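Read the structure below first, then the notes.
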Amino acid sequence: MTDTMPGCLVLTGTPGAGKTTVSQLVAEALPRSARLDGDVMAHLMVSGWASYFDERGEWSPDPEARRQLQLRTVNLCSVANNFAEAGYTPVVDHVVETREELAFLTDRLRARPLMLVVLAPPLEVARHRNATRPEEHRVHYDFAPLAATMRRELGGVGWWLDSGKMTPEETAARIVAEAAERAVVAPEALAA
């Protein structure tokens, strides 16, 4: 166990990057923490769900799907704020693809500092990890465009951690030890 981590920690990355496993391990290493999963927020919508993919299976959310993505983020931030106000470090597992999405998230999260860790193993490592997951946890779309967009939009923001050769435990330990120094999102980074 370590000292508490002030603020809010957001872990993002492509499918297969390790967000779910690593965020759980990070939360377990902190004395007062809550692990919050963006996918859980999405699954709260039982009916009326809009697809993020077009008929070819390519990422192309329509206006309703975009609205639902924003609602998911708003709800995630509300819960994170509640935990932070109660003295818990929110450890958020959520895909943040663009600077606009990061600004939307940042505007709603009150805990500071806001730390962003982009788990960025090489694409072939993330693909392999995804392919070896149980079927119910596997994604079936090409996430190379997502990786490219994240690199273009968020490159230089937060801490880009190549976890390709690290175990989840090594990755989590490194995040706990270094995020407060390496992952803080400066307000000016969102203005660019």
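Just to verify a result, which residue in region 14-57, among those that are assigned to a loop (DSSP other than H, G, I, E, B), closer than 22 Å to residue 126 by Cα and in contact with a helix residue (DSSP H, G or I) (Cβ under 8 Å, 6 or more places away or on another chain), is modelled with the lowest pLDDT? It would help to see each step written out before you state the result.
Quick first cut of region 14-57, residues assigned to a loop (DSSP other than H, G, I, E, B) only: 14-18, 30-32, 44-52, 54-57.
Now drop any that are not closer than 22 Å to residue 126 by Cα, which leaves 14-18, 52, 57.
Within this subset, residues satisfying the condition of being in contact with a helix residue (DSSP H, G or I) (Cβ under 8 Å, 6 or more places away or on another chain) are 14-18, 52.
Values: 14: 95, 15: 93, 16: 93, 17: 95, 18: 95, 52: 70.
Selected residue: 52.
Scan region 124-149 for residues that are of a type in the set (A, V, I, L, M) and touching a Gly at 6+ places or on another chain (Cβ under 9 Å) and jot them down. Selection gives 125, 126, 131, 139, 147.
Residue pairs whose Cβ atoms lie under 6 Å apart, separated by 6 or more positions or on different chains, with the first residue in region 85-114 and more than 20 Å from residue 5 (Cβ to Cβ) and the second among the charged types (D, E, K, R), are 98/153; 99/153.
Entry remark, region 160-183: residues being of a type outside the set (Gly, Ala, Ser) and either loosely packed, with under 13 Cβ neighbours inside 10 Å or in contact with a helix residue (DSSP H, G or I) (Cβ under 6 Å, 6 or more places away or on another chain) (or both) number 7 in total.
The values are calculated or read from the model by the stated rules, or taken from the named source; none is laboratory data. The structure presented is a predicted model; accordingly, all values stated were derived computationally and were not measured. Cβ sites come from the backbone with ideal geometry, for glycine too, and all protein chains shown count toward neighbours.
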